[in-house]
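The values are calculated or read from the model by the stated rules, or taken from the named source; none is laboratory data. Just so you know, these numbers come straight off a predicted model, no measurement behind them. Here the Cβ is made from the backbone with ideal geometry for all residues, glycine too, and neighbour counts use every protein chain on show. Quick note on the areas: whole protein, heavy atoms, side chains included, nothing else; ligands and nucleic acids left out. Shrake-Rupley method; radii C 1.70, N 1.55, O 1.52, S 1.80 Å.
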Amino acid sequence: MRTVTPLGAARMAAMLVVQRPGMVALLTGISFVPAIAYGAATARAGDATLASLMIFAGLSLAGMLVMTSLSTHAVAYFMANQHASVGASVRHGLASLWRVLGATILLVLILGSALATYVIPALLIAALLYVVIPVVVFEDVGVVESLSRSAVLTKGYRATCFFANLVLFGGMTLAANRLFVYLPPPYDVLAAMAVVIGCMAFSALHAVASYVMLREQKEGANPNSLADVFS
């Protein structure tokens, strides 16, 4: 049984990136199409205003949640030492599309409202709701039920989820800020946006790996039985 730690989940996500880079790149491209298109248009127009950056951040957050949905099958199979294809991952992710979209809209509203108040409350709420999307896809529950289920699963491990959010999004913000300082336009915008999308894609993989580990740790679930959900 794997202990739930930010490093443990990050290690599983990193192993998937290293061993299946093509699949991860395709899932990222599919998930972040709106953010990539908007970011490229913004960089081309040289219009990196605060408003445009906030729009990009919102599109990227939505892309991260979609990526979480599309990667559940891939991560579950990987952690069960089974092979997953891009097509199967997308198909299973899309099977829960409407519930995932509902959860995505709700999460964006909740986290956006919290972020408008202060960063720390947003990270605390994100820790509570860290595995909402995997719950929707794996357990076939509704949007409201997924919120309470995530709260149950993360209970006792919210400091772990909070730390993961702090490291991932703190590092992303710092790196993007440095790129804005040191690179000339439009490369500063393109590089910073690439960093944001890369970090959010990795965060999506981390969330699914964390869900699998939480199910193992708290409920004794076997990775193979979780993968069998998609059979």
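Condition (residue is over 20 Å from residue 9 (Cβ atoms), assigned to a helix (DSSP H, G or I) and open to solvent by 30 Å² or more (accessible area, probe 1.4 Å)) applied to the range 75-89: is it met by at least one residue?
Yes, that holds for at least one residue.
Residue by residue through the range 10-62, note down the ones that are among the β-branched types (Val, Ile, Thr) and touching a residue at least 40 places away in the same chain (Cβ under 8 Å).
Result: 17, 24, 28, 30, 36, 42.
Among the candidates 170, 198, which residue alone is open to solvent by 30 Å² or more (accessible area, probe 1.4 Å) and under 14 Å from the mean Cα position of the chain (by Cα)?
Unique residue meeting the criteria: 198.
Consider residue 216 against the criteria (1) open to solvent by 20 Å² or more (accessible area, probe 1.4 Å); (2) touching a residue at least 12 places away in the same chain (Cβ under 8 Å); (3) acidic (Asp, Glu): it satisfies all of them except one. Which criterion is unmet?
Result: residue 216 passes all but (1).
When residue 103 is evaluated against the numbered criteria (1) of a type in the set (A, V, I, L, M); (2) modelled with pLDDT under 85; (3) surrounded by 16 or more Cβ atoms within 10 Å (Cβ to Cβ), which criterion, by number, is the only one it fails?
(2)
Out of the residues in the range 43-67 that are among the polar types (S, T, N, Q) and open to solvent by less than 10 Å² (accessible area, probe 1.4 Å), state the one that is modelled with the highest pLDDT.
Going through the qualifying residues, I end up with 60.
Here are some residues: 29, 22, 39, 8. Which one is open to solvent by 30 Å² or more (accessible area, probe 1.4 Å) and in a helix (DSSP H, G or I)?
22
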